[in-house]
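Asker: What follows is a structure written as structure tokens; I'll ask about it next.
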Amino acid sequence: MGTSHVDALKLFQEDDETDGIVMIGEIGGTAEEEAAAFAKENVTKPIVAFIAGQTAPPDVVWATPAPSSRRKGTAAEKMAALSAAGIHVVKSPADIGQAMMDALGASTGF
């Protein structure tokens, strides 16, 4: 699979030149929920997240590494977990830039 969301969040949190983090996820699996739990406890930088697949039919089974997680991870579940962790969730990738500007505004003067 490669770098997980949690791995990437750790790296961005430790990077002194990173002011904000953009996370792009997708439906299926639990990676984004795991990242939300990690971020809530360990990340102090603003995060803006987008979950792709929000309009996918609910009866489609999405391939994930573990068969038991194939029916988990709807867009709504992921977006709720991210929001509950204090992450700025957008419904469209077109809103990522403004959301990050808003999130950074108080701390960077944008």
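Asker: Compute the length gained on full extension between Asp15 and Ser92: take 0.36 nm times their separation in residues and subtract their Cα-Cα distance, giving the result in nm to one decimal.
Answerer: Working it through step by step, the gained length comes to 25.0 nm.
Asker: Which value, in Å² and to the nearest 10, is the accessible area of Val89 when all protein chains are kept and the probe is 1.4 Å?
Answerer: Probe radius 1.4 Å; accessible area of Val89 about 40 Å².
Asker: Mind jotting down a quarter of the surface of the convex hull over the alpha carbons of the stretch 1-59, in square nanometres, one decimal? Show your work: numbers first, answer last.
Answerer: Details: hull surface 18.1 nm².
Averaging across all directions leaves 4.5 nm² for the Cα convex hull.
Asker: Cross-link partners among lysines for Lys78, C-alpha distance below 18 Å, same-chain residues fewer than 8 apart left out?
Answerer: Lys40, Lys91
Asker: With θ set to phi - 60°, apply the Karplus curve 6.51 cos²θ - 1.76 cosθ + 1.60 along the stretch 15-20 and write out the HN-Hα couplings as whole Hz, x wherever there is a Gly or Pro.
Answerer: Values, residue by residue: 7, 5, 8, 9, 9, x Hz.
Asker: Once you have the Cα-Cα distance between Ala52 and Ile24, take 0.36 nm times their residue separation minus that, and quote the gain in nm to one decimal.
Answerer: Residue separation times 0.36 nm, minus the Cα-Cα distance, leaves 9.3 nm.
Asker: Only sites in a loop by DSSP and with at most 14 other Cβ atoms within 10 Å count here; which GluC sites (Glu not before Pro) in the stretch 1-56 make the cut?
Answerer: Glu17
The values are calculated or read from the model by the stated rules, or taken from the named source; none is laboratory data. These numbers were taken from a predicted model, which means no experiment stands behind them. Cβ: placed from backbone, ideal geometry, glycine included. Neighbour counts: every protein chain shown. Just so you know, the surface numbers come from the protein's heavy atoms only, side chains and all, with ligands and any DNA or RNA stripped out. Shrake-Rupley method; radii C 1.70, N 1.55, O 1.52, S 1.80 Å.
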